[in-house]
Amino acid sequence: MKMDSMATRISKTRTNNRSAARRALSAVLLAVLAVGALGAFQPARPIVILVSLDGWRHDYSHRANVPAIKALAEAGVRSEGLIPTFPTKTFPNHYTIVTGLYPQNHGIVSNTMVDPSIGPERFTMSSATARDSRWWSGEPLWVTAEKQGQRAASMFWPGSEVEIGSVRPSHWKPYQDDFPHRERVNQVLDWLRLPESERPTFITLYFSLVDTVGHNRGPESTEVLAACAELDVEIAALVEGVRALGLSSRVHYVIVSDHGMSQLSNSRIITLDDYLDMSQVQTIDGSPVIGLSPRPGSSMTNDAIVAALRGKHPRLTVYKREEMPAHLHYRTHHRIPPVIAMVDDGWTLASRPQVLGWQKDGRVLGGAHGYDTNLKSMQGLFIATGPQFRRGVVVPPVQSIHVYELMARVLGLTPAPNDGSLREIAHVLR
Ligand code: AMP
Ligand code: ZN
Ligand code: ZN
């Protein structure tokens, strides 16, 4: 009996020990599983697709047959215009949108620049200079994202091909103007198809067509509206692709343009040579804003250039860099030319050989941009649609310097120091 009870006790103890061991084992297994699951678990992060439709003036959306753009606007926030930065040209403005910085603070002060501290070669959009990090300051959003553990991808954007602060987007493409539109959209969708741990949360997508047609045919042309309709089809394909991937509840579309477009006229041309001995000066960049400086070896001074041009034509304004109007935020960077000549809305500033060339070719001037940021004609497009944005709201024009802060907020990123303010654009958020 004693033995029996002992045996029972031993067997009970063994059983207890076994179940304790089993419990411990399953606890360990559970812990291992939990850790494994945590490791593989990626929170469903918000995604921002930033689309630029270069040169899309604010009014094109109303005039053109663009059902996809209209549907996005109706489902989200549409601003009556996007107020660009000066000069209202492509490179400075695209880089402002992704950094929140005025061009005088991000260094891309125009599409064409000189900087003797870098070298004699001019920066141009299409040359290797555009891929030289030394021209690019500030922190674009793809760098902010990558530095904070998110992935970014760029289907074209000025600066995306350059290492900035030693960082590049995880995915990017060398710029190619004739790269087929649908392939651009499909590339974005392919990136979105990547597994969660590799999927970019910030993606840029760029189209130049509307700007090109706006230059050639003018902003009032039927051709520019046809170009808008052509890009609208691509936007529709993008939205449909995102829907098919089941990502609509995470994707935020921020659709912008870099500037508007003004109608030119052959009867509104100002010829620099009428007032200035062009053999004594060098120029940089083109109408409607031309930078001037004395040619090396010339006895001409900056003051003499200003004196030669100032007050000579009612549609022509000339400033020394330090006199630039405060609202243009265009004084402090050393790449800003010492003298700046600019013309009123719809006017063209040119050299005599240029004008003679146009006359010879029978060229009818179309459209241009680059003018003062206060002009309505320079305002672009801004639509924000997605779960964190308000729905069916139209807001007054917003400034492009605030878009970086907005996108950083949507992505849950801490923005780098910049000239924008979330407070100024928070009204588009839910
Ligand atoms: P803009 O006349 O200032 O509007 O410049 C528009 C032109 O900029 C386009 O037609 C493109 O050829 C060019 N462009 C736009 N993005 C890029 C880029 N990432 N790299 C090189 N060129 C570009
Ligand atoms: Zn542009
Ligand atoms: Zn343009």
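Numbers below:
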{"read-out": "Chain lengthening between His62 and His181 when straightened (0.36 nm per residue, less Cα-Cα)", "value": "40.6 nm"}
{"read-out": "Cα centroid separation, segment 175-191 to segment 100-150 (Å)", "value": "23"}
{"read-out": "Expected 222 nm ellipticity per residue - DSSP helices of 4 or more, -39500 (n - 2.57), all of the chain, to 500", "value": "-10500 deg cm²/dmol"}
{"read-out": "Share, in percent, of DSSP beta bridges within the chain that are antiparallel, nearest 5", "value": "50"}
{"read-out": "For Leu101, distant residues with modelled amide H under 5 Å away", "value": "Asp419"}
{"read-out": "Most mobile listed residue (Asp178, Asp419, Asp344) in the chain, GNM with C-alpha springs under 10 Å", "value": "Asp178"}
{"read-out": "Helix 181-192 axis, angle to the chain major axis (alpha carbon atoms, nearest 10°)", "value": "30"}
{"read-out": "Normalised contact order of segment 269-365, rounded percent, pairs of Cα under 8 Å and 6 or more residues apart", "value": "35"}
{"read-out": "Between helix 222-244 and the chain: long-axis angle, C-alpha atoms, 0 to 90°, nearest 10", "value": "10"}
{"read-out": "Added length on full extension, which subtracts the Cα-Cα distance from 0.36 nm per residue, His427 to Arg134", "value": "101.9 nm"}
{"read-out": "Long-range tail of P(r) for the chain (Cα pairs > 38 Å, %)", "value": "30"}
{"read-out": "Relative contact order of segment 385-430, pairs being alpha-carbon contacts under 8 Å that are 6 or more residues apart, as %", "value": "49"}
{"read-out": "Most mobile of Met324, Met407, Met300 in a GNM of the chain (Cα contacts under 10 Å)", "value": "Met300"}
{"read-out": "Computed FRET value (nearest 0.05) for His327 with Arg193, which takes r as the C-beta separation and R₀ as 45 Å", "value": "0.50"}
{"read-out": "Full-stretch length increase - Asn216, Ala307 - with 0.36 nm per residue and alpha-carbon distance subtracted", "value": "29.4 nm"}
{"read-out": "Inter-probe distance in nm under a simple model that places probes 7 Å from Cα toward Cβ, at Arg295 and Val393", "value": "5.6"}
{"read-out": "When each of Lys320/Lys360; Lys320/Lys376; Lys173/Lys320; Lys70/Lys147 is checked by Cα-Cα distance, pairs over 28 Å", "value": "Lys320/Lys360; Lys173/Lys320; Lys70/Lys147"}
{"read-out": "Relative contact order (percent, whole number), the chain, Cα cutoff 8 Å, 6+ residue spacing", "value": "28"}
{"read-out": "13 Å cut-off, amide nitrogen to a point 7 angstrom out along Ala244 Cα→Cβ, residues in segment 178-195", "value": "183, 185-190, 193"}
{"read-out": "Segment 296-360-segment 398-414 distance, computed between alpha-carbon centres (Å)", "value": "34"}
{"read-out": "Candidate aspartates and glutamates for bridging to Lys312, where Cα separation is under 16 Å - those fewer than 8 sequence places away on the same chain excluded", "value": "Asp273, Asp274, Asp277, Asp303, Asp344"}
{"read-out": "Accessible area per residue, Å², the chain with all protein chains present, probe 1.4 Å", "value": "44"}
{"read-out": "Value in Å of the Kirkwood radius, where segment 269-365 supplies the Cα pairs that are averaged", "value": "14.0"}
{"read-out": "Estimated FRET transfer efficiency (Ser127, Gln359; beta-carbon r; R0 41 Å; 0.05)", "value": "0.85"}
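The values are calculated or read from the model by the stated rules, or taken from the named source; none is laboratory data. Computed from a predicted structure; not experimentally measured. All Cβ positions, glycine included, derive from the backbone under ideal geometry; neighbour counts span all protein chains shown. Remember, those area values only see protein heavy atoms, side chains included, never the ligands or the DNA or RNA. Shrake-Rupley method; radii C 1.70, N 1.55, O 1.52, S 1.80 Å.
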